[in-house]
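The values are calculated or read from the model by the stated rules, or taken from the named source; none is laboratory data. Please read these numbers as outputs of a predicted model, since none were measured by experiment. Here the Cβ positions follow ideal geometry from the backbone for every residue, glycine too, while neighbour counts run over all protein chains shown.
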Amino acid sequence: MAVAIRTLLLNCLTTHYAPLWSEVFTPDFTQQRWSQPHNPRLPQDFFARLTPAWQRHCALRTDYARRMALVEIDVLVAQALGLTLDELLLVYRVQFPVMQQYERDTWYDLHGRIVFTNSKGLVGVGLPRKGGAAQPRARLTLPEGTVRDGQFGWEDVQGLHDGTVVQQWGQDDTLPTGPYRKERRWVAPFARASREDDYRTAWAFFAAQAAVPTSANNSLQR
């Protein structure tokens with residue numbers, strides 16, 4: 001059930017999925033929880049707000065929440081297949097070097113949006129590494145109210161104080177209605193996520209729920 005729910009949340013993004021959603025929805029959907037109940041970058045009330053009729057808020061839309069759903073699916077499937085935590089970690093380390101490279105330099109804001117990533121599959125997501133004249137206009141609003149305008153890149157904002165707001169404006173031509181002026185917004189602090197650490201946390205969480213034993217051999221965990 002937990003795998004199916006997370007799969008639906010990742011895929012049911014538009015009203016075209018409303019019939020499917022209504023067909024499979026059960027009250028158990030609203031009883032689900034994240035494996036990290038105190039993580040501020042996750043919408044902790046998300047599952048409780050799900051409704052039998054599909055609404056826009058029935059889909060996972062932030063970068064961080066979608067990533068966490070994929071992490072939890074990995075763990076749930078591994079447990080269902082009878083793998084150990086060590087084996088799941090080994091598969092990740094050996095088979096997914098590119099994903100590891102991207103995880104090491106992808107940063108999320110306080111609300112789970114990607115503010116910078118080196119992923120070649122996410123071109124245009126977040127800020128560029130360096131600012132400059134070719135970049136869209138941006139604004140920094142510091143917690144005490146100081147405002148700075150410029151054309152900033154990731155290297156300019158990486159160490160900003162908590163609560164600083166980064167705004168950037170540019171043309172978006174991805175909608176069928178034509179181009180429009182779009183604002184992008186990120187709030188510090190910015191942080192990376194560790195897939196291995198998240199695997200361990202999720203494993204313990206779901207193991208406690210389903211009485212799945214953790215690996216007795218911890219030699220591969222560090």
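Results, tabulated for the structure shown:
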item	result
Meets criteria (charged (D, E, K, R) and modelled with pLDDT of 95 or more) for residue 144	no
Residue match in region 49-57 (condition: in contact with a Leu (Cβ under 7 Å, 6 or more places away or on another chain), surrounded by 15 or more Cβ atoms within 10 Å (Cβ to Cβ) and within 25 Å of residue 193 (Cβ to Cβ))	no
Hits in region 135-179 (condition: touching a residue at least 40 places away in the same chain (Cβ under 8 Å) and not in a loop (DSSP other than H, G, I, E, B))	154, 157, 166, 168
Hey, residue 116 aromatic (Phe, Trp, Tyr) and either over 20 Å from residue 194 (Cβ atoms) or not assigned by TED's automatic domain parsing to the domain that holds residue 43 (or both) or not	yes
Test result for residue 187, of a type outside the set (S, T, N, Q) and free of Cβ contacts under 8 Å to residues at least 60 places away in the same chain	no
Output for region 180-194, where each listed residue is assigned to a loop (DSSP other than H, G, I, E, B) and more than 16 Å from residue 116 (Cβ to Cβ)	194
Residue in region 180-187 that is modelled with pLDDT under 95, under 14 Å from residue 141 (Cα atoms) and surrounded by 17 or more Cβ atoms within 10 Å (Cβ to Cβ) present	yes
Any hit, region 107-122, residues being of a type in the set (Asp, Glu), buried (at least 18 other Cβ atoms within 10 Å of the Cβ) and either closer than 22 Å to residue 62 by Cα or free of Cβ contacts under 8 Å to residues at least 12 places away in the same chain (or both)	yes
Entirely in region 28-123, the helices (runs of 4 or more DSSP H) that have 3 or more residues that are closer than 21 Å to residue 190 by Cβ and within 18 Å of the chain's Cα centre (by Cα)	63-80, 97-104
In region 1-24, residue surrounded by the fewest Cβ atoms within 10 Å (Cβ to Cβ) [restricted to those that are in contact with an Asp or Glu (Cβ under 9 Å, 6 or more places away or on another chain) and touching a residue at least 60 places away in the same chain (Cβ under 8 Å)]	3
Check on residue 86, on the phi < 0 side of the Ramachandran plot and loosely packed, with under 14 Cβ neighbours inside 10 Å	no
Boolean, residue 27 is more than 21 Å from residue 108 (Cα to Cα) and at pLDDT below 95	yes
Positions within region 144-158 being under 20 Å from residue 112 (Cβ atoms) and not aromatic (Phe, Trp, Tyr), in sequence order	157, 158
Residue check for residue 132: part of a loop (DSSP other than H, G, I, E, B), of a type in the set (Gly, Ala, Ser) and not assigned by TED's automatic domain parsing to the domain that holds residue 163	no
